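This report refers to the structure that appears directly beneath it.
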Amino acid sequence: MTRKAATLPPDYFEDKYKADIDPWRFRSSAYEQEKYQATLSSLSRRRYANALEVGCSIGVLTRLLSARCAHLLAIDTSVTALEAARSVNDSNVSFRRATLPADFPDGPFDLIVLSEVLYYFAKPDLQLIAQSCRAQIAPDGEIVLCHWLGETDYPLTGIDASELFAEFIKPALPVRAILHDETYRLERFSAA
Ligand SMILES: C[S@@+](CC[C@H](N)C(=O)[O-])C[C@H]1O[C@@H](n2cnc3c(N)ncnc32)[C@H](O)[C@@H]1O
């Protein structure tokens, strides 16, 4: 499979959601449900004051995360996905259309979740996102990443996206815990 060289553009995702509002079967797949529970278990605290979810899609993981947050900002580049996400989420979640790396929101956030999103970016854009995470994470905050490890034509593999992000985030959040590394990699970065 030939890997795409550039960051995937917003239209790639908008077209996907217009053709099928749940293209990855987030609502019905047992695999996704198991992975979401593992993601919730990876959080080191019971509650977060101000969290950010990058690439929230149709809001399935958003809904689960929001139960652990006083406030959750959920962003995505797709207007169609955001419309679906808004209809199933509670008032402690704010949704915003934002296309990374340019539109990274202002924190500070005590939790940033990037689940199944970083491999859509080429390396320079992933570096910009990691820099924004460093700038917007609270001193005692944590960042959770999740990546499917199968073969794709995305700009980065799950492993490459994970390793590059780890390299760029290390000066700010040197403690890395890899919590699941089979089929998907689930990991958490923190300062201590
Ligand atoms: C595979 S879905 C992941 C959904 C969710 N995080 C999960 O794990 O269930 C990836 C999402 O990232 C969004 N996305 C892709 N590129 C983006 C960008 N440059 N800025 C913001 N969101 C983006 C897509 O629209 C899509 O909804």
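The values are calculated or read from the model by the stated rules, or taken from the named source; none is laboratory data. Values in this document were obtained by computation on a predicted structure and should not be read as measured data. Counting neighbours? That spans all protein chains shown, and the Cβs are built from the backbone with ideal geometry, glycine included.
A few points about this structure:
- In this structure, LYS18 does not satisfy being charged (D, E, K, R), farther than 20 Å from ASP125 by Cα and buried (at least 17 other Cβ atoms within 10 Å of the Cβ).
- Listed by position, the strands (runs of 3 or more DSSP E) inside the stretch 68-117 whose residues that are under 14 Å from the mean Cα position of the chain (by Cα) and either under 20 Å from ARG134 (Cβ atoms) or more than 14 Å from the ligand (Cβ to nearest atom) (or both) number at least 1 are 69-76, 109-115.
- For the stretch 14-30, filtered to residues that are of a type in the set (Ser, Thr, Tyr) and within 11 Å of the ligand (Cβ to nearest atom), the residue that is farthest from ARG188 (Cα to Cα) is TYR17.
- Residues of the stretch 1-30 satisfying the condition of being assigned to a loop (DSSP other than H, G, I, E, B) and either over 23 Å from LEU156 (Cβ atoms) or among the small types (Gly, Ala, Ser) (or both): ALA5, ALA6, ASP20, ILE21, ASP22, ARG27, SER28, SER29
- Residues that are within 11 Å of the ligand (Cβ to nearest atom), within 23 Å of ARG96 (Cα to Cα) and either of a type in the set (Asp, Glu) or not in a loop (DSSP other than H, G, I, E, B) (or both) within the stretch 31-67 comprise TYR36, THR39, GLU53, VAL54, VAL60, LEU61, THR62, ARG63, LEU64, LEU65, listed in sequence order.
- Screening the candidates ASP90, ASP20 for the property of being at pLDDT below 95 and charged (D, E, K, R) yields one hit, ASP90.
- Residue in the stretch 144-156 that is among the aliphatic types (A, V, I, L, M), under 21 Å from ARG47 (Cα atoms) and not in a helix (DSSP H, G or I) present: yes
- LEU40 fulfils the conditions (1) touching a residue at least 12 places away in the same chain (Cβ under 8 Å); (2) surrounded by 13 or more Cβ atoms within 10 Å (Cβ to Cβ); (3) closer than 21 Å to TYR119 by Cβ except for a single criterion, (3).
- The condition (being modelled with pLDDT of 95 or more and surrounded by fewer than 18 Cβ atoms within 10 Å (Cβ to Cβ)) is satisfied by just one residue among ALA70, ALA74: ALA70.
- Failed criterion for LEU164 (all others in (1) within 18 Å of THR39 (Cβ to Cβ); (2) part of a helix (DSSP H, G or I) hold): (1)
- Applying a threshold of 7 Å to beta carbon distances and a minimum spacing of six or more residues, or different chains, the list of pairs starting in the stretch 58-78 at a residue that is under 13 Å from VAL113 (Cβ atoms) and touching a residue at least 40 places away in the same chain (Cβ under 8 Å) and ending at one that is among the small types (Gly, Ala, Ser) and more than 9 Å from the ligand (Cβ to nearest atom) reads LEU65/ALA51; CYS69/ALA51.
- So ASN50, is it farther than 20 Å from TRP148 by Cβ, polar (S, T, N, Q) and in contact (Cβ under 8 Å) with a residue 40 or more places away in the chain: yes
- Annotation note: of ILE129, ILE137, the sole residue that is touching a residue at least 24 places away in the same chain (Cβ under 8 Å) and either more than 12 Å from the ligand (Cβ to nearest atom) or acidic (Asp, Glu) (or both) is ILE137.
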